[in-house]
Every structure is written in C-alpha cells, then in structure tokens.
C-alpha cells in the first residue's frame with residue numbers, strides 16, 4: 001500500500017470472507033500515454049463498460065466511510081443497470097450521466113486510486129470502484145489478508161521499469177497500492193510478481209520511466225518483462 005498510510009481501522013477476516021463469497025474483483029488497467037513529462041489519461045476500457053450500461057449511479061465509497069483511514073475522494077463508486085437502481089432505492093446512490101461517471105473516475109485517478117470492476121458469480125460487471133489499500137476490502141484482502149489473486153484478478157498489463165531514464169523520485173514507491181515497488185540500495189525497485197497492473201505508478205512517473213506492457217500467457221505461465229528481459233513467472237505465485 002502507499003507509504004506513510006496508517007491503518008487505524010481494519011476489516012475482520014469474517015467480513016473479508018463474506019465479501020469474497022458474493023463477488024469477484026477484476027483490476028482494470030488504466031490506459032496511459034506518456035510523452036515527455038506530460039501525461040494523457042485515457043479511461044477507454046472503463047468507458048466501454050459504462051457506454052453499454054442502460055442506467056448509471058454514483059454513490060459514496062462505503063469502505064472509506066467505514067474505515068476512514070484516508071482522505072481520498074468518497075463519491076466515486078459507480079453501479080450500472082439493476083444494481084444502479086438498487087443503489088438509489090436502497091443505499092445512498094444517485095443517478096449519474098456517463099460524463100458525470102467519467103469525471104468521478106478522473107478525480108479518483110488523480111488521487112492515485114485503483115479502478116476495479118466487480119462481478120457477481122454468473123453475472124456481468126455490476127459496479128466499478130476506485131479503491132485504496134488502506135480502506136478497500138478487496139485491496140486489504142491482497143495486502144494484509146494474503147488472498148492476492150484468489151480474490152482479485154490482476155489486469156492484463158504489467159508495469160516495466162526503465163532505470164536508464166528514472167530520476168529516482170520514488171513516487172512509484174509512495175503511490176503503489178500493491179506493494180510492488182520498494183527502495184533497494186537507495187533506488188526504486190519493481191517486484192513484478194506483486195504488480196496488479198493498475199497503471200497508477202506509470203501515470204505519476206514524471207519522466208515516463210514506467211511502461212505498461214501486456215502479460216504473455218503460455219500453459220498456465222506468465223511472462224513479464226523486467227529491465228528489458230522477458231522472465232517466466234508462475235501465474236499462481
């Protein structure tokens with residue numbers, strides 16, 4: 001999780017297991033184009049899901065309202081279709097346009113949050129949340145409860161570090177919710193096996209030294225690119 005975040009309140013194992021039983025979280029990669037020091041954020045994958053929706057709602061993030069471990073944006077949880085109607089009638093949701101939903105995603109992305117889609121067993125995606133590891137139950141399951149990919153499916157892209165252009169500002173270390181970055185010998189170091197592929201590190205990198213590349217799958221294995229070299233990693237680890 002991001003550095004210097006204090007976990008004042010946390011979930012119980014029973015709460016984590018209860019949520020795990022009814023939904024599956026899928027990390028959505030954020031498509032990012034970086035030219036020089038300018039970052040152009042594209043939410044095309046999220047937008048594609050929302051464009052198919054017949055009805056959209058926005059509501060407060062109940063994880064952050066419950067735990068209150070950070071000051072990240074709250075009114076950023078998006079539901080679609082029947083779940084959106086439930087959000088309005090049974091919770092604190094309100095109807096939103098596509099533009100309003102995308103604006104909420106942009107706000108949460110600028111806050112360094114991870115965009116995840118949730119799908120009930122046997123159903124399509126019904127909500128998209130912007131999560132922090134200090135409050136979100138799904139991110140907590142990865143970072144503190146040991147569920148990792150059993151609970152959250154990593155995206156189909158992965159971060160690659162280019163140290164030759166890195167200025168070692170270590171924003172990647174301070175922003176990563178998956179704990180995939182650390183400081184080794186005074187320099188930023190990427191641990192690819194932990195990378196969820198959310199794209200937060202790439203979007204905050206001021207020199208464009210972090211690239212998102214496709215994960216290559218072959219017979220249950222995953223190939224990742226580390227410092228310019230493709231490395232075979234067991235997909236289950």
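The values are calculated or read from the model by the stated rules, or taken from the named source; none is laboratory data. Fair warning: this is a prediction, and the values are worked out from it, not measured in the lab. We place every Cβ from the backbone using ideal geometry, glycine too, and count neighbours over all the protein chains shown.
Counting only residues that are surrounded by fewer than 22 Cβ atoms within 10 Å (Cβ to Cβ) and over 21 Å from residue 110 (Cα atoms), the stretch 169-214 holds 13 of them. Against the conditions (1) within 26 Å of residue 50 (Cα to Cα); (2) without any contact (Cβ under 8 Å) to a residue 24 or more places away in the chain, residue 133 satisfies every one except (2).
Exactly one residue among 113, 65 is in the same structural domain as residue 46 (by TED's automatic domain parsing) and under 17 Å from residue 11 (Cβ atoms), and that residue is 65. I need the full set of residues from the stretch 81-129 which are in contact with a helix residue (DSSP H, G or I) (Cβ under 6 Å, 6 or more places away or on another chain) and either at pLDDT 90 or above or assigned to a loop (DSSP other than H, G, I, E, B) (or both), in order please. Answer for the stretch 81-129, where residues must be in contact with a helix residue (DSSP H, G or I) (Cβ under 6 Å, 6 or more places away or on another chain) and either at pLDDT 90 or above or assigned to a loop (DSSP other than H, G, I, E, B) (or both): 93, 98, 101, 112.
For the stretch 3-24, the criterion of being at pLDDT below 70, surrounded by fewer than 17 Cβ atoms within 10 Å (Cβ to Cβ) and farther than 17 Å from residue 137 by Cβ is met by at least one residue. The residue that is surrounded by the most Cβ atoms within 10 Å (Cβ to Cβ), counting only those in the stretch 136-157 that are touching a residue at least 60 places away in the same chain (Cβ under 8 Å) and touching a helix residue (DSSP H, G or I) at 6+ places or on another chain (Cβ under 6 Å), is 136.
Name the residues in the stretch 56-69 that are surrounded by fewer than 20 Cβ atoms within 10 Å (Cβ to Cβ) and outside any helix (DSSP H, G or I), would you? Selection gives 60, 68.
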